[in-house]
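The values are calculated or read from the model by the stated rules, or taken from the named source; none is laboratory data. Because the structure is predicted, anything quoted here is derived from the model rather than measured. Here Cβ is always computed from backbone atoms with ideal geometry, including for glycine, and neighbour counts include all displayed protein chains. Note: areas computed on protein heavy atoms with side chains; ligands, DNA, RNA excluded. Shrake-Rupley method; radii C 1.70, N 1.55, O 1.52, S 1.80 Å.
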Amino acid sequence: VRWSPPVLSSSAYTVDGECLEVTNDGDGDGDGGVMLVGATEDDVCSGILHLRGAQLQPNGVLYNPSNFFQPDDIAAQASLARKASSYQWYRSVLSSTLSSQPILHCFGLHEWAMQYHPLDAPPPPSAQYQSSLPLRVSRDIINKTVERKGIDCTHVDALRFFAPAAGPLNSHGHSLVRTDQLKLEQKGCVHAHMDLFKICLKLLPFVDARLLGDCLEVALEARRMDVAASPYDASGYGLEAIPIETSAGRAEYKTKQMALMKRVEPIRRRLLGAYDDLLTGGFSSNILELAEERAVCES
C-alpha cells in the first residue's frame, strides 16, 4: 500500500527503517504542503511513497496541492474546474450527512430487500452476488421481515440492488438519483460509514494516512455489522448473526448502530476538514467558482 503523508502537520515516520521528518514549512516551490525531509526518488519509484503529486526537492519530497493543481492555460482551467467540482461534491455529501438526523429504525433491511422474492415476482437479480453465502433464514421469513413495516433505506447505492418487488416498499422511493444523496444521506447509515473509505481515497496523496486508516477501520466495522444483520449465514467467517427478524435482534442492531455512529462522527468531521484543506489550498477562488457554476448547470 502506498504510504501517504499527513497534510499540514509536523511529525516523524519510519519507512523501511529510515525516519522521514514531516514538516509544513514548504521548503520547495510554493507555500504549505508537506515536505518529507530525507525522502528520495527511490522511495517514490519503489511505491513506498505516492507518485501522484510528488515533487523531488534537494532535501526530500514535497506534496503540495497548490503546486499540483495549477492551471497553465484556459483549457487547463476547465479541467481543474471539473476536478474541483468532484471534490466539492464529496465535501457536500460529508457536510449534509453531519447535519442530518439519524434514522435508527432501518435495521439493515437493505440486505433483506435484495433477497425479497414474493410469490409470482421475478427472482431478485442481486441474489447472484451472494451465491457463495447460504441463507440463515427461509425465504418466507425474508419476505415477512421486509413486509412487516416496509423499508426505510436512504442510501442511493444500496437501493440500486434491491429486488424489483422491494423498491415500492421503500419509504424514500424506489428510483433515487445521485443528487438525492445530498438530502437523504444520514449519519445512522452503515453504508454511509463504508463510503468514508472511498471518499478518503479520493484525496490521495494529500491526506493524512492516519485518517485513511481510521476510515478503513470504521468501514470494516460497518460492513461486519451489515453482514451480521443480513439474512446470510456468515458464521463461517466468524460473524455471529444479529437476528433483526426478531424484536431482540432489532434492539441489538439499534444499540450497535448508535455506538458505531458515535465512533464515526469525529472521523467524518476530520475528513470534511481534509476536503476543506485541499479545496482551499489546492485551487484558486476563480477555479472554485467555475466548479460551482459547472455543478449548478449540471444539476
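Would it be correct to say that LEU8 is under 15 Å from PHE206 (Cα atoms), open to solvent by 20 Å² or more (accessible area, probe 1.4 Å), at pLDDT 70 or above and part of a loop (DSSP other than H, G, I, E, B)? Give the steps one after another, and end with the answer.
Values: under 15 Å from PHE206 (Cα atoms): yes; open to solvent by 20 Å² or more (accessible area, probe 1.4 Å): yes; at pLDDT 70 or above: no; part of a loop (DSSP other than H, G, I, E, B): yes.
So LEU8 fails the test.
I want to confirm something. Restricting to the range 137-166 and keeping residues that are open to solvent by less than 20 Å² (accessible area, probe 1.4 Å) and within 20 Å of the chain's Cα centre (by Cα), which single residue is nearest to LEU184 (Cα to Cα)?
Top of the filtered list is THR154.
For PHE197, which of the numbered conditions (1) open to solvent by less than 30 Å² (accessible area, probe 1.4 Å); (2) closer than 22 Å to TYR275 by Cβ; (3) touching a Cys at 6+ places or on another chain (Cβ under 9 Å) fails to hold?
All conditions are met except number (1).
Restricting to the range 216-231, what's the tally of residues that are touching a Lys or Arg at 6+ places or on another chain (Cβ under 7 Å) and open to solvent by 10 Å² or more (accessible area, probe 1.4 Å)? Write out each step before concluding.
Taking the range 216-231 as the starting set, the residues that turn out to be touching a Lys or Arg at 6+ places or on another chain (Cβ under 7 Å) are 218, 225, 231.
Now drop any that are not open to solvent by 10 Å² or more (accessible area, probe 1.4 Å), which leaves 225.
Final tally of qualifying residues: 1.
Within the range 111-166, which residues are at pLDDT below 90 and polar (S, T, N, Q)?
SER126, GLN128, GLN130, SER131, SER132
For the range 235-281, which residues satisfy the criterion of being of a type in the set (D, E, K, R), open to solvent by 80 Å² or more (accessible area, probe 1.4 Å) and part of a helix (DSSP H, G or I)?
Those that are of a type in the set (D, E, K, R), open to solvent by 80 Å² or more (accessible area, probe 1.4 Å) and part of a helix (DSSP H, G or I): LYS254, LYS256, LYS262, ARG263, ARG269, ARG270.
Of all helices (runs of 4 or more DSSP H) completely enclosed by the range 63-131, which ones contain at least 2 residues that are open to solvent by 40 Å² or more (accessible area, probe 1.4 Å) and over 30 Å from GLY38 (Cα atoms)?
Values: elements: 65-68, 74-98, 110-113.
Those helices (runs of 4 or more DSSP H) span 74-98.
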